[in-house]
Amino acid sequence: MGLLAQSPFGAAGAANRYRPAGGVGYENLHERIPNYHVRVIAPQLINPGLGAVNQTLVAIARGLTSKFRVDALAELRQIAPGFSRGHIPAGEFTIEPMPSLTSSSPVLIDSLLPLLSAYPNGVNSQWWKSAAVLIPSGKQIDLYEALFSRQATAIRTIAAVARQEIATGSWRATVCRNARIHEYGADPLPTVAAFVQAIANTHALALDASGLAVGVNQGELYEDACGLSDFIIPYRLVSPFLSPLGIRLTDSFEHEPLVRGFPARMEQALAFIARHTAVPVEGPTLTGTSFNTPPSLTASVNRNSYTVGFNYCPRPLPLNSPNIRECPQANVYIWGGFSARLYASDAAAQRSLLACDAWTCEVRSHPCPPHSKVVTIAGQSVRTCSGSYEYSWSRGTWLFIVQPDVPRDGAGDVAGIVQEVQRFQPPIGIGVLQNDQGGDNDNTVISWAVGRVVYTVDEYMGGGMDVAHSFRPLVP
């Protein structure tokens, strides 16, 4: 029997697939260390039938405390001669789970536990520990070892995404990076190899509905003053590398459905492209929500770019089939597609994002100026200008520009895009979504820069973030 043989996935049915085995609560363990203020809290499932799980969570927290107690007492013996009896400053030690990094599913409860210590000698330390326990067995597992069948590739992917997060300014360690640039006059952005080593040092991983949470310890990448760092990796980026157990664990948390492999025709198109270009090849596992029929694909490629067009025919045709042009709806300029282009530098790639509006490169796109009127639509603060013919707002490293066909449609158009972005997380990187409607279309162009490469999704009948959200690398 497998590790998850007793999970609720079977008889309970699909309706219970994502129902947690119990709410998450917290228990103060009242641990003690001489000459220390101690606060140790363990996550717990609020379900009396899962005592084995809760016992393991308590044992993890107490084990971490015991390990620290040994170090703390050794340090006290070392510094005691330098203090008068009874005048050694008190130290502090805490383990206090963060609710945002603690989650449960029908088969797993896990948490990134931040450990914080202040020694009497004035030295402070912060580090992560992962607590992951299978339900209902109560067996502790190491997610770093259990999640992946191709661990080295998975960790390199995670490291590259984390590095890109810092480079694009959406990770809070950017504050430390900018401070060091100001102080030393140089960019201290760590290498991918440094990230790989930092992740390997901690094994600090956790799963939840948002993605894979990864913790990096104090001082691993930047100065100690930067403290602990954590970031979320979307599941779609690591799904190709998951082990069978990793698939079952990630699937137990409710999130946007993942298509784990490219559709056959898409994989064929991407493999064809990969043989003829220097661009890192990525593509979508989804092809849009406008039509139920899988599109017939056309692909063009050179060393520095590639383009894939969606053409809707009565039945799907082979890649670049000459019969595609005979299909009544075979018009890539109506139905859209996706593309990628390699630029000379990261800066050039980012400049290109606003080089064209949603229709033509004869006009450079601009968001509403800062002094524009601000309105709230679907909970999002939005600037409006040009007599309500344009709306723009930013979210993280993404900029959104909407130009309705008529002003009265603007609020509805913006609300639709706000809701779509809430449902489908935009790709990591600096990105721009431009929506420019005409009388018979809903033209949307979604572009984002990943280093020197810009990936673009064109959806001429609206939507498109679901396609961009599903992008992942072609894995040989």
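The values are calculated or read from the model by the stated rules, or taken from the named source; none is laboratory data. Since the structure is predicted, the reported quantities are computational estimates derived from the model, not experimental observations. FYI the Cβ positions are ideal-geometry reconstructions off the backbone, even for glycines, and counts take in every protein chain you see.
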Determine which single condition residue 82 fails, assuming it passes every other condition in (1) touching a residue at least 12 places away in the same chain (Cβ under 8 Å); (2) more than 30 Å from residue 231 (Cβ to Cβ).
(1)
Only one of (1) modelled with pLDDT under 80; (2) closer than 26 Å to residue 153 by Cβ; (3) buried (at least 18 other Cβ atoms within 10 Å of the Cβ) does not apply to residue 460, and that is (2)
Criterion first (aromatic (Phe, Trp, Tyr) and surrounded by 14 or more Cβ atoms within 10 Å (Cβ to Cβ)) does residue 83 satisfy it?
no
Hey, any hits in segment 346-353 for a residue that's at pLDDT 85 or above, exposed (fewer than 12 other Cβ atoms within 10 Å of the Cβ) and over 23 Å from residue 460 (Cα atoms)?
yes
Hits in segment 85-108 - residues which are more than 19 Å from residue 141 (Cβ to Cβ) and either in a helix (DSSP H, G or I) or under 20 Å from the mean Cα position of the chain (by Cα) (or both):
98, 99, 100
Look at residue 414 and say whether it is surrounded by fewer than 20 Cβ atoms within 10 Å (Cβ to Cβ) and either out of contact with any helix residue (DSSP H, G or I) (no Cβ under 9 Å at 6 or more places or on another chain) or at pLDDT below 80 (or both).
no
Selection from segment 27-82 of residues that are more than 20 Å from residue 117 (Cα to Cα) and either among the hydrophobic types (A, V, I, L, M, F, W, C) or assigned to a strand (DSSP E or B) (or both):
44, 45, 46, 50, 52, 53, 57
Hey, residue 287 hits all of (1) crowded, with 20+ Cβ neighbours inside 10 Å; (2) modelled with pLDDT under 80; (3) of a type in the set (Ser, Thr, Tyr); (4) not in a loop (DSSP other than H, G, I, E, B) but one; which does it fall short on?
(4)
Can you spot a residue in segment 443-465 that is outside any strand (DSSP E or B) and of a type in the set (A, V, I, L, M, F, W, C)?
yes
Name, by its number, the condition in (1) in contact (Cβ under 8 Å) with a residue 60 or more places away in the chain; (2) closer than 19 Å to residue 203 by Cα that does not hold for residue 65.
(1)
Does segment 237-254 contain any residue that is small (Gly, Ala, Ser), modelled with pLDDT under 80 and not assigned by TED's automatic domain parsing to the domain that holds residue 459?
no
Of the candidates 130, 111, the one satisfying the condition of being modelled with pLDDT of 85 or more, farther than 20 Å from residue 30 by Cβ, in a strand (DSSP E or B) and not β-branched (Val, Ile, Thr) is 130
Tell me the helices (runs of 4 or more DSSP H) entirely within segment 139-233 that contain at least 1 residues that are at pLDDT 85 or above, more than 30 Å from residue 24 (Cα to Cα) and not hydroxyl-bearing (Ser, Thr, Tyr).
151-167, 192-202
Criterion (within 18 Å of residue 237 (Cα to Cα) and in contact (Cβ under 8 Å) with a residue 60 or more places away in the chain) met by exactly one of 432, 467:
467
If you check 313, 385, which single one turns out to be modelled with pLDDT under 85 and surrounded by 14 or more Cβ atoms within 10 Å (Cβ to Cβ)?
313
